[in-house]
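The values are calculated or read from the model by the stated rules, or taken from the named source; none is laboratory data. Remember, it's a predicted structure, so these values are computed and weren't measured experimentally. A quick note on method: Cβ atoms are made from the backbone with ideal geometry, for glycine too, and the neighbour counts reach across all protein chains shown. Remember, those area values only see protein heavy atoms, side chains included, never the ligands or the DNA or RNA. Shrake-Rupley method; radii C 1.70, N 1.55, O 1.52, S 1.80 Å.
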Amino acid sequence: MSETIAVEVAAREDDDWELLAAGCFEGEGPDLDGLPAAARDALQAIAARPGWKGGDEQCGETAAGPRVAALHGLGKRSDFTYRRLAAWLARLADAASGNGFARLAVLLPPHAETAGPAADRVLRAAGVAGYRYERHQTERRRNRLAAVRVLPPRGEEAAYHEAAAAAAQVAAAIVWTRDLANSPANEGNPDWMEAQARELAGERGFTLTVLDAEELARRGMGGILAVGGGSVYPPRLLRLEWGEEGPVVALVGKGVTFDTGGISIKPALDMDEMKYDKSGACAALGAARAIADLGLPVRLRVYLPLAENMLDSRSYRPGDIVRCYNGKTVEITNTDAEGRMILADALSLAAEEGADVLLEYSTLTGACVVALGRFAAGLYTHDDGLAGELLAASARSGERLWRLPLWPEWVEEMKGTHADLKNSAGRWGGANTAAAFLSQFVGDLARWAHLDIAGVAWVDPKEEGYKGATGFGVACTVDWIRQLAS
């Protein structure tokens, strides 16, 4: 699996770097106080060049003694966001690695996005900067960046030192989550996902229970069995448990290891991206790893329904009626609405076993991508208090959530003709009707939330500089649970 870049919080006077990158805003000079004389003089010389404005992505570099100093424009101060900061760090890591630098130092400009309260997410972004999924490449990048030394704005050093250890643990969990989600479907099938969960359980002290196809049938978990019936890899439900004190937190993650759409087959264009349809399960596993590594005082239960949605004589069909674990029947109108079917069984089990709060992640609907683009996940919950907690964690972590409605009308839309429910109500409000469908499987559990991460679980090179999984959900969940447990 991939490794994170070692991130250190360094003093300005230290010069254990090969490349120093300083950021400054348009119309402003860089804050260079405390830097070694050679670096200060080099950066001042760049800022004094006639063409220097500090515009977004403007860059100048020069020698600083035996090392190299670079000044990077970050655009207007008022336009600077965490997303832009993370993108800048990723570009720096790529440039340093590609040019053979092993030790990069980053001088952060003073700004709300780099101040002490933001230290955790800044250091986490540095830890995942330059990530690439290269496990199957015969020729990998030879010049690998080994360490990033973060130089905080003056006066914020203590906050950065305090945040460093936890940020490193979360960054490592995100990188691991990305590797899981990026794994191709001919490797990352339900068998393989179970093996990864088993390895995690052995290393971090989780108790792992596997409900195989026979046990799913015995328990009446028809949703998972229906979706996975057409695959050579049998479906299953993984249950992991960890912790002995604190609130009971249930995490549920959609694990469709590849989604053809089944008989309601998807278009060929971009179907390769359907290996990412397991990203919800990967996020739940990654969050669990980080929670264990940080030793957070919660009693954690993780439920991962795993299935591959393939075409076969045993595949479930439009018009079929499926009985889920809580007894509700579902009329299948679209076999490509498969994620909600496996989640129905997992949510029902989690609700039956009880929890103080439940959080579920799934790449559930293209409709959510239409609504929010690739900049935020959809948040659905009836509980205003839980919504506030998660939105606050979203703001602190930098993983954007946007609350969408769970009105009774959406439940009415999901009523079946010949069964209790149908699994798809058509085109309009598709993310909302899908969330309403899930609400029918949480029983009396009041504090539960659904995150539709379809738009943010993976990115395109045009948007982020590389194509692949993001590990979205890990950072926000860890932040939320740290507050919950405190």
task = Taking the residues in the stretch 197-212 that are touching a residue at least 12 places away in the same chain (Cβ under 8 Å) and surrounded by fewer than 19 Cβ atoms within 10 Å (Cβ to Cβ) as candidates, determine which candidate is nearest to Gly468 (Cα to Cα).
result = Arg204
task = Could you grab me the full set of residues in the stretch 74-97 that are over 25 Å from the mean Cα position of the chain (by Cα), surrounded by fewer than 21 Cβ atoms within 10 Å (Cβ to Cβ) and not in a helix (DSSP H, G or I)?
result = Gly75, Lys76
key: Among the residues listed as Ala166, Ala195, Ala213, Ala201, the single one being in contact with an Asp or Glu (Cβ under 8 Å, 6 or more places away or on another chain) and at pLDDT 95 or above   = Ala166
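Every residue, every condition in (1) farther than 20 Å from Glu215 by Cα; (2) not aliphatic (A, V, I, L, M), yes or no:
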| position | (1), (2) |
| --- | --- |
| Gly243 | yes, yes |
| Met271 | yes, no |
| Lys278 | yes, yes |
| Leu285 | yes, no |
| Asp293 | yes, yes |
| Gly327 | no, yes |
message = Tally up the residues in the stretch 24-56 that are farther than 22 Å from Thr114 by Cα and either of a type in the set (S, T, N, Q) or in a helix (DSSP H, G or I) (or both), please.
response = 6
query = Can Leu391 be described as outside any loop (DSSP other than H, G, I, E, B), open to solvent by 30 Å² or more (accessible area, probe 1.4 Å), at pLDDT 95 or above and in contact with a strand residue (DSSP E or B) (Cβ under 7 Å, 6 or more places away or on another chain)?
reply = yes
query = Does at least one position in the stretch 148-170 carry a residue that is in contact with a Phe, Trp or Tyr (Cβ under 6 Å, 6 or more places away or on another chain) and in a helix (DSSP H, G or I)?
reply = no
task = Please go through the stretch 35-44 and pick out each residue that is over 19 Å from Pro153 (Cβ atoms) and surrounded by 15 or more Cβ atoms within 10 Å (Cβ to Cβ).
result = Ala38, Asp41, Ala42
key: Only one of Ala172, Ala158, Ala146 that is touching a residue at least 12 places away in the same chain (Cβ under 8 Å) and buried (at least 16 other Cβ atoms within 10 Å of the Cβ)   = Ala172
task = Kindly indicate the residue of the stretch 1-11 that is at pLDDT 95 or above and assigned to a loop (DSSP other than H, G, I, E, B) and also least open to solvent (accessible area, probe 1.4 Å) among those meeting that condition.
result = Ala10
inquiry  = Suppose the filter is free of Cβ contacts under 8 Å to residues at least 24 places away in the same chain and open to solvent by less than 10 Å² (accessible area, probe 1.4 Å); does Gly23 pass it?
reply    = no
message = Report every pair of residues separated by at least 6 positions or lying on different chains whose Cβ atoms are under 9 Å apart, first residue within the stretch 123-134 and within 16 Å of Ala163 (Cα to Cα) and part of a helix (DSSP H, G or I), second open to solvent by 10 Å² or more (accessible area, probe 1.4 Å) and aromatic (Phe, Trp, Tyr).
response = Ala125/Tyr82
request  = Need at least 2 residues that are polar (S, T, N, Q) per element, so show me which strands (runs of 3 or more DSSP E) inside the stretch 200-297 make the cut, counting only ones lying wholly within it.
outcome  = 207-211
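Yes/no matrix, rows are residues, columns are (1) of a type in the set (S, T, N, Q); (2) over 19 Å from Ala350 (Cβ atoms); (3) surrounded by 21 or more Cβ atoms within 10 Å (Cβ to Cβ):
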site	(1), (2), (3)
Pro235	no, no, yes
Leu240	no, no, yes
Glu245	no, yes, no
Val248	no, no, no
Gly255	no, no, yes
Phe258	no, yes, yes
Ala281	no, no, yes
Ala288	no, no, yes
Pro297	no, yes, no
key: Members of the stretch 63-73 that are open to solvent by less than 40 Å² (accessible area, probe 1.4 Å) and in contact with a helix residue (DSSP H, G or I) (Cβ under 9 Å, 6 or more places away or on another chain)   = Ala64, Val68, Ala69, Ala70, Leu71, His72
ask   = Restricting attention to the stretch 110-133, which residues are modelled with pLDDT under 95 and open to solvent by less than 20 Å² (accessible area, probe 1.4 Å)?
value = Ala129, Gly130, Tyr131
key: Pick from the stretch 403-440, criterion in a strand (DSSP E or B) and touching a helix residue (DSSP H, G or I) at 6+ places or on another chain (Cβ under 8 Å), ranking: most open to solvent (accessible area, probe 1.4 Å)   = Arg403
inquiry  = Looking at the stretch 74-105 only, could you name the residues that are in contact with a helix residue (DSSP H, G or I) (Cβ under 6 Å, 6 or more places away or on another chain) and under 23 Å from Ala64 (Cβ atoms)?
reply    = Leu89, Leu104
query = What is the one condition in (1) open to solvent by less than 50 Å² (accessible area, probe 1.4 Å); (2) at pLDDT below 95; (3) within 22 Å of Leu123 (Cβ to Cβ) that Gly100 does not satisfy?
reply = (3)
inquiry  = Test of understanding: among Ala38, Ala22, Ala47, which residue is hydrophobic (A, V, I, L, M, F, W, C), at pLDDT 95 or above and in contact with a Lys or Arg (Cβ under 8 Å, 6 or more places away or on another chain)?
reply    = Ala38
